[in-house]
Structure formats: structure tokens, C-alpha cells
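S.K.: Below are the C-alpha cells for one structure; questions will follow.
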Amino acid sequence: MSAAQWILNLALLGWVLTRNLGTRAVTPATFGVPALVVAAVAATYLRDLPTLGSDVALELAGLAVGAALGVAAAGLTRVHRADGRLVVTAGKGFALLWVGVVGGRVAFAEWATHTGARAVGEFSARHQITGADAWTAAFVLMAVAMVVVRYGATALVVGARARRTAAVSGSPA
């Protein structure tokens with residue numbers, strides 16, 4: 001793994017944790033900023049998805065794992081009212097999940113580029129995965145899916161809470 005990839009992974013982890021841990025008021029930026037970040041990451045890293053052999057299956061597996069992790073992250077995020085405002089709270093479990101996911105991705109990349117290179121190469125050949133670009137795409141898709149599903153699920157809860165509050169108070173949502 002290159003220094004740039006280390007920095008990118010650590011920056012992503014730091015950004016996610018500083019932006020989400022604790023209790024935060026729900027604002028347009030709550031969902032807008034991550035949407036912009038995900039769009040930028042997708043535009044940068046997913047320009048040319050490998051589609052030969054079993055690359056698409058690997059990429060779909062990355063999406064599925066990311067979606068499941070996004071559901072888990074959403075489950076570790078609480079939407080509630082505080083001081084009359086909708087807020088989102090994420091704590092230790094959320095942090096541990098993200099540290100585990102990013103740490104696992106970094107550990108795999110380090111292993112795959114060093115002592116595990118032969119094993120990954122043999123696995124890739126046996127399963128018709130065309131190379132590092134397919135693995136990279138699968139991991140980027142996993143990360144994107146995790147963020148999108150987590151924020152999508154959280155947005156659904158925020159919307160439901162806002163509608164429920166509006167129905168109780170008699171004002172429009």
C-alpha cells in the first residue's frame with residue numbers, strides 16, 4: 001500500500017469519526033456533505049470498473065458487504081430529539097465498526113501487497129479476477145455503499161421522526 005493510500009484511509013477514518021461521534025444536530029450538511037464526498041470518491045476511483053472474468057461478481061460482493069456494514073452503522077446511530085431539535089448520536093460501537101472496517105481494508109491491502117501477494121494472485125487466477133484494479137474497485141464500492149446505506153437509512157429515520165413530530169404538533173413536516 002502506498003503512502004497516499006495510507007493517508008487516504010486514515011483521513012477517511014478521521015473524517016468519519018470526527019463528523020459523526022457524539023450528538024449532532026440534523027442540518028442540510030448532515031446529508032449533503034457526505035453525498036458530495038461520496039460523489040467525488042466515486043468519480044475519482046470508479047471511472048473504469050473492471051468487467052472481465054469474475055470482476056463484476058467481486059464488485060457486487062463489495063457492494064453487498066458495504067450495504068450490510070451501512071445497515072450496521074445505521075443501527076449504531078440513534079436519531080432522537082434534544083432541546084426540541086432532531087439530533088443524531090453515534091458512539092463507541094459506531095467508532096469500533098469504522099475502525100474495524102478501515103483497519104480490515106488496510107490490513108488486507110498490506111497483506112495482499114506483501115506476504116499474501118501470492119495467495120491473492122492464485123485466488124484471483126482461480127476465480128478469474130483480473131487483478132488489483134478489480135480488488136480496488138470492490139473495496140471502493142464497499143466503502144461507498146457503506147456510507148450511502150448508512151446515511152440513507154438514517155435519513156429515513158430522520159424523515160419519519162420529523163413527520164411524526166409534525167403530525168403531533170399539527171404543523172407541516
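S.K.: Restricting the search to segment 42-56, which residues are part of a helix (DSSP H, G or I) and either in contact (Cβ under 8 Å) with a residue 60 or more places away in the chain or within 17 Å of the chain's Cα centre (by Cα) (or both)? Full working, then the answer.
M.R.: Within segment 42-56, the subset part of a helix (DSSP H, G or I) is 42-45, 55-56.
Hits for segment 42-56 are Ala42, Ala43, Thr44, Tyr45, Asp55.
S.K.: Could you figure out which of (1) under 15 Å from Val158 (Cβ atoms); (2) over 15 Å from the mean Cα position of the chain (by Cα); (3) of a type outside the set (Gly, Ala, Ser) isn't true of Phe31?
M.R.: Unmet for Phe31, out of (1) under 15 Å from Val158 (Cβ atoms); (2) over 15 Å from the mean Cα position of the chain (by Cα); (3) of a type outside the set (Gly, Ala, Ser): (2).
S.K.: Now for a separate question. Among the numbered conditions (1) surrounded by fewer than 18 Cβ atoms within 10 Å (Cβ to Cβ); (2) modelled with pLDDT of 95 or more, tell me where Gly70 comes up short.
M.R.: It is condition (1) that Gly70 fails.
For every residue, the table says whether it meets (1) of a type outside the set (Gly, Ala, Ser); (2) surrounded by 15 or more Cβ atoms within 10 Å (Cβ to Cβ); (3) touching a residue at least 12 places away in the same chain (Cβ under 8 Å).
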| residue | (1), (2), (3) |
| --- | --- |
| Ala3 | no, no, no |
| Trp6 | yes, no, yes |
| Ala11 | no, no, no |
| Leu21 | yes, yes, yes |
| Ala29 | no, no, no |
| Gly32 | no, no, no |
| Val37 | yes, yes, yes |
| Ala40 | no, no, no |
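S.K.: Restricting to segment 90-102, name every residue that is touching a helix residue (DSSP H, G or I) at 6+ places or on another chain (Cβ under 9 Å) and either touching a residue at least 60 places away in the same chain (Cβ under 8 Å) or acidic (Asp, Glu) (or both).
M.R.: Ala90, Phe94, Ala95, Trp98, Val99, Val102
S.K.: For segment 117-164: of the residues being polar (S, T, N, Q) and out of contact with any Phe, Trp or Tyr (no Cβ under 9 Å at 6 or more places or on another chain), which is surrounded by the fewest Cβ atoms within 10 Å (Cβ to Cβ)? So that I can check it myself, show each step before the final result.
M.R.: At the first step, the residues of segment 117-164 found to be polar (S, T, N, Q) are 124, 128, 130, 136, 154.
The next check asks that each one be out of contact with any Phe, Trp or Tyr (no Cβ under 9 Å at 6 or more places or on another chain); those that pass are 128, 130.
Details: Gln128: 13, Thr130: 16.
So, considering only residues that are polar (S, T, N, Q) and out of contact with any Phe, Trp or Tyr (no Cβ under 9 Å at 6 or more places or on another chain), the one surrounded by the fewest Cβ atoms within 10 Å (Cβ to Cβ) is Gln128.
S.K.: Now for a different question. Scan (1) exposed (fewer than 13 other Cβ atoms within 10 Å of the Cβ); (2) touching a residue at least 24 places away in the same chain (Cβ under 8 Å); (3) basic (Lys, Arg); (4) out of contact with any strand residue (DSSP E or B) (no Cβ under 9 Å at 6 or more places or on another chain) for the single condition Arg81 breaks and write down its number.
M.R.: (4)
S.K.: Filter segment 1-47 down to the residues that are touching a helix residue (DSSP H, G or I) at 6+ places or on another chain (Cβ under 8 Å) and over 20 Å from Gly70 (Cα atoms) and list them by number.
M.R.: Matches in segment 1-47: Met1, Gln5, Trp6.
S.K.: Condition first: of a type outside the set (A, V, I, L, M, F, W, C) and surrounded by 14 or more Cβ atoms within 10 Å (Cβ to Cβ). Now tell me which residues in segment 91-116 satisfy that.
M.R.: Keep residues of segment 91-116 that are of a type outside the set (A, V, I, L, M, F, W, C), which gives 91-93, 100, 103-105, 110, 113-116.
Listed by number, the residues that qualify are Gly91, Arg105, Glu110, Thr113, Gly116.
S.K.: Tell me which of these Gly22 doesn't satisfy, since it passes every other one: (1) modelled with pLDDT under 95; (2) farther than 24 Å from Trp111 by Cβ; (3) of a type in the set (Gly, Ala, Ser).
M.R.: Of (1) modelled with pLDDT under 95; (2) farther than 24 Å from Trp111 by Cβ; (3) of a type in the set (Gly, Ala, Ser), only one is false for Gly22: (1).
The values are calculated or read from the model by the stated rules, or taken from the named source; none is laboratory data. Source: prediction; values computed, not measured. Positions of Cβ are generated from backbone atoms using ideal geometry, with glycine treated the same way; all protein chains shown enter the neighbour counts.
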